[in-house]
Amino acid sequence: MAVDKLLKDEATEEKGERARMASFVGAMAIADLVKTTLGPKGMDKILQSTGRGNSVMVTNDGATILKSLHIENPAAKVLVDISKVQDDEVGDGTTSVVVLAGELLREAEKLVATKIHPMTIISGYRLAAEYARNALLQKVMDNKEDEEKFKSDLMKIAMTSLSSKILSQDKEHFAKLAVHAVMRLKGSTNLEAIQIIKKPGGSLKDSFLDEGFILDKKIGIGQPKRIENAKILVANTAMDTDKVKIYGARVRVDSMSKVVDIEGAEKEKMREKVQKIIAHGINCFVNRQLIYNFPEELFADAGVLAIEHADFDGIERLALVTGGEIASTFDNPELVKLGHCNLIEEIMIGEDKLIHFSGVEMGQACTIVLRGASFHVLDEAERSLHDALCVLSQTVNDSRVVLGGGWPEMVMAKAVDELARTTPGKKSNAIEAFSRALLAIPTTIADNAGLDSAELIAKLRAEHHKEGSPAGIDVISGSVGDMAELGISESFKVKQAVLLSATEAAEMILRVDDIITCAPRKREDRM
């Protein structure tokens with residue numbers, strides 16, 4: 001008995017060859033989309049939303065571009081996910097990972113067309129990935145012991161990471177900022193302690209690093225503008241007039257004097273609350289919510305600096321760096337942990353006044369103030385700097401460094417080629433394909449710089465046949481250059497993550513032979 005119809009009306013199913021083609025095409029289209037952003041001469045993309053406000057974003061960060069896309073194709077979604085994970089895990093290499101996965105699938109498609117089973121391709125890819133990683137491991141440099149060399153390694157990594165971004169013109173300045181900020185963390189990968197403030201105006205060169213904490217708020221009227229040896233209470237509590245907050249409560253009075261009594265009672269209640277807060281022995285009170293004029297007046301009389309409406313991000317970070325805790329009730333002063341810092345003062349950046357906390361409890365904390373022509377430039381500068389900070393904080397922990405500029409891919413491709421020659425059977429075709437896919441990254445770097453990639457890759461391959469060659473693509477002079485001399489370095493952790501994530505994603509998409517698209521369940525009309 002033949003089954004006419006298995007799935008419901010709106011569901012579709014694609015089988016075998018068609019399913020595989022749909023997966024390959026989707027994944028390769030995504031890879032081609034971000035390919036042009038790779039390398040020091042990569043171009044930017046404008047992402048415009050058609051929703052309210054028509055917001056515009058200009059970026060060349062692979063993960064940001066892919067996160068903003070709404071994609072139908074299931075295989076393309078897998079690639080978007082690996083670039084997100086790469087961004088969360090190591091911060092950089094988000095474009096490389098997608099380009100490599102796309103190339104692996106492009107090569108696999110040719111192999112499948114010659115009747116090689118996907119499982120054979122997968123086992124070949126696995127073997128090749130492991131071999132490539134080991135080849136790279138043998139060539140890593142580790143200068144953890146020598147502090148001067150290690151710092152120069154970090155500077156090189158930061159400059160390499162920034163050279164493909166908007167900050168490439170002032171990469172030395174920003175690399176110094178990033179290295180300085182990460183060295184203060186003393187090995188922690190918690191970037192919470194590094195605050196980035198964006199202030200339009202000036203140029204990117206005017207950006208600076210401040211050792212301390214800056215809160216983007218003004219100091220109230222009649223309050224002390226400068227406090228030394230500050231004891232800070234960070235709170236999240238309502239400091240507007242305490243109204244009778246009971247739903248549906250109505251108070252009827254028979255004369256105006258009773259209204260005055262109620263208002264007096266409200267004020268008294270507020271005064272008691274302020275007295276309780278001052279009893280903590282503080283001279284600075286930072287609240288997440290509004291502080292009305294009356295309590296502000298009381299704080300000013302007591303010589304306490306009261307800062308209202310510090311956004312949640314601000315008070316979370318302030319509590320972290322000053323060593324305090326966020327309080328909501330004030331009945332037991334002995335249980336509340338206060339924050340401390342040496343000096344609080346008002347500073348000017350551009351046209352704006354901000355509050356500066358220096359000498360904070362947590363010595364690792366610092367603030368990077370970014371200046372720039374417009375909000376779009378600042379947003380992109382923040383993304384670029386964040387990438388560099390992530391890579392540096394990871395490198396401080398895992399200090400292995402490799403050269404950049406297509407050098408790691410050439411080293412891996414050479415090793416994988418040698419493996420293909422010694423592997424019998426159809427697997428060797430897959431291993432050879434893996435080596436061709438690895439070459440896609442230096443090829444793309446050259447193509448994006450408008451160079452003759454075929455010529456350059458052939459030269460590079462010849463160079464790499466000499467033992468221990470440091471050759472890579474120098475896009476500035478448009479030829480093969482010495483990466484060690486040019487100071488182009490990358491973190492081993494980033495390269496390893498790119499290699500393994502791309503191989504796993506390609507493997508996952510290769511396994512697919514059936515795509516079933518289901519319509520969402522409809523709600524039944526309940527009458």
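Per residue, how much accessible area does the stretch 204-306 show when a 1.4 Å probe rolls over the protein heavy atoms, in square angstrom? Kindly include the intermediate steps, with their values, before the conclusion.
Details: 6120 Å² over 103 residues.
For the stretch 204-306, the per-residue accessible area is 59 Å².
For the chain, give me the percentage of DSSP beta bridges that are antiparallel, rounded to the nearest 5 percent. The partial results should precede the final answer.
Details: 38 of 55 bridges.
Approximately 70 percent, going by the DSSP bridge assignments.
Taking the radius of gyration and the Kirkwood hydrodynamic radius from Cα positions alone, what is the Rg/Rh ratio for the stretch 1-91, to two decimal places?
Working: Rg = 17.6 Å, Rh = 15.7 Å.
For the stretch 1-91, the value is 1.12.
Work out, step by step, the length gained on full extension between A454 and L209: first 0.36 nm times the residue separation, then minus their alpha carbon distance; give nm to one decimal. Don't jump to the answer; show the numbers that get you there.
Working: separation 245, 0.36 × 245 = 88.20 nm, distance 4.33 nm.
Stretched out fully, the A454 to L209 stretch lengthens by 83.9 nm.
By per-residue mean of other Cβ atoms within 10 Å, what is the highest-first order of 144-156, 54-66?
Numbers: 144-156: 15.6, 54-66: 19.5.
The peptides rank, most packed first, as 54-66, 144-156.
Greater than 20 Å separation of Cα atoms is the criterion. Which listed pairs, K165/K495; K186/K218; K151/K466, meet it?
Numbers: K165/K495 18 Å; K186/K218 32 Å; K151/K466 30 Å.
Pairs exceeding 20 Å: K186/K218; K151/K466.
For the stretch 195-336, state what percent of all Cα-Cα pairs lands in each successive 10 Å bin, counting from 0 Å until the bin that includes the largest distance.
10, 35, 30, 16, 7, 2, 0
Tell me the Rg and the Dmax, in Å, that the Cα atoms of the stretch 135-232 produce.
18.3, 67
Under a Cβ-only charge scheme (Lys and Arg +1, Asp and Glu -1), can you give me the dipole magnitude of the stretch 66-146 about the Cα centre, in debye to the nearest 20?
Numbers: 10 positive and 13 negative charges, 94 e Å.
Using Cβ point charges on Lys, Arg, Asp and Glu, the stretch 66-146 gives about 460 debye.
Please work out the average accessible area per residue across the stretch 388-527, using the 1.4 Å probe convention, and give it in Å². Before the final figure, lay out each step's value.
Details: 6550 Å² over 140 residues.
That works out to 47 Å² per residue.
Suppose every Lys and Arg Cβ carries +1 and every Asp and Glu Cβ carries -1, with no other charges. What dipole size does the chain come out with about its Cα centre, to the nearest 20 debye? Walk me through the intermediate numbers first.
Values: 67 positive and 80 negative charges, 178 e Å.
Here the size comes out at about 860 debye.
Run the simple label-point estimate for D352 and A11 please: 7 Å along Cα→C-beta, distance reported in nm.
5.3
Quick check: at a probe of 1.4 Å, how many percent of the accessible area of the stretch 404-491 sits on carbon and sulfur atoms? Numbers along the way, then the final one.
Numbers: 1830 of 3660 Å².
For the stretch 404-491, the apolar C and S fraction of the accessible surface comes to 50 percent.
Any chance you could run the full-extension gain for K337 through D44? It's 0.36 nm times the residue separation minus the Cα-Cα distance, nm to one decimal.
On the way: separation 293, 0.36 × 293 = 105.48 nm, distance 4.72 nm.
Full extension of this stretch gives 100.8 nm more.
So how far apart, in nm, are the two label points at K276 and A462 if each is 7 Å from Cα heading toward Cβ?
Here the answer is 8.2 nm between the modelled labels.
Taking the Cα centroid of the stretch 442-480 and of the stretch 16-75, what is the distance between the two, rounded to the nearest whole Å?
Result: 27 Å between the Cα centres.
What Rg and what Dmax come out for the stretch 47-188 when only alpha-carbon atoms are used, in angstroms?
Computed over the Cα atoms of the stretch 47-188, radius of gyration and Dmax are 19.6, 56 Å.
Please work out the FRET efficiency for the pair S152 and D301, using the Cβ-Cβ distance as r and a Förster radius of 45 Å; give the result to the nearest 0.05.
Efficiency at R0 = 45 Å is approximately 0.25.
With a Förster radius of 30 Å, plug the Cβ-Cβ distance of R521 and L290 into 1/(1 + (r/R0)^6) and report the FRET value to the nearest 0.05. Please list the in-between numbers first.
Values: r = 45 Å, r/R0 = 1.50.
The computed FRET efficiency comes out at 0.10.
What does the highest-first list of 324-335, 72-83 look like by mean Cβ count within 10 Å?
Working: 324-335: 13.6, 72-83: 20.3.
Ranking the peptides 324-335, 72-83 by packing returns 72-83, 324-335.
Between N397 and E266, what's the calculated FRET efficiency when r is the beta-carbon distance and R0 is 56 Å? Round to 0.05.
Working: r = 55 Å, r/R0 = 0.97.
For R0 = 56 Å, the calculated efficiency reads 0.55.
Which is farthest toward the positive dipole end of the chain among I515, V260, V321, measuring Cα position about the Cα centre, with Cβ charges +1 (Lys, Arg) and -1 (Asp, Glu)?
Value: I515.
What distance in nm separates the simple spin-label points at M21 and D514, each placed 7 Å from Cα in the Cβ direction?
Once both label points are built, they end up 2.0 nm from each other.
Which translational diffusion coefficient, to the nearest whole µm²/s, is obtained for the chain from the Stokes-Einstein equation, given a Kirkwood hydrodynamic radius over C-alpha pairs, 10 °C and 1.306 mPa s?
My calculation gives 59 µm²/s for D.
Quick check: residue separation of S477 and M183 times 0.36 nm, minus the Cα distance between them. What number comes out in nm? Display every interim value, and only then the final one.
Numbers: separation 294, 0.36 × 294 = 105.84 nm, distance 3.28 nm.
Taking S477 through M183 to full extension adds about 102.6 nm, to one decimal.
For the stretch 371-527, what is the convex hull (Cα atoms) projected area averaged across all directions, in square nanometres? Kindly include the intermediate steps, with their values, before the conclusion.
Working: hull surface 70.7 nm².
So the Cα hull casts an average projection of 17.7 nm².
Rank-order 167-178, 344-355 by packing density, defined as the average count of other C-beta atoms within 10 Å over each peptide's residues, highest first.
Working: 167-178: 20.5, 344-355: 15.5.
Descending mean neighbour count gives 167-178, 344-355.
How far is helix 492-510 tilted, in degrees, relative to the longest principal axis of the Cα atoms in the chain, given as a value from 0 to 90 rounded to the nearest 10?
70
The values are calculated or read from the model by the stated rules, or taken from the named source; none is laboratory data. Please read these numbers as outputs of a predicted model, since none were measured by experiment. Reconstructed Cβ throughout: ideal geometry from the backbone, glycine too, with neighbour counts over all protein chains shown. Just the protein is used for accessible areas: all its heavy atoms, side chains included, with ligands, DNA and RNA removed. Shrake-Rupley method; radii C 1.70, N 1.55, O 1.52, S 1.80 Å.
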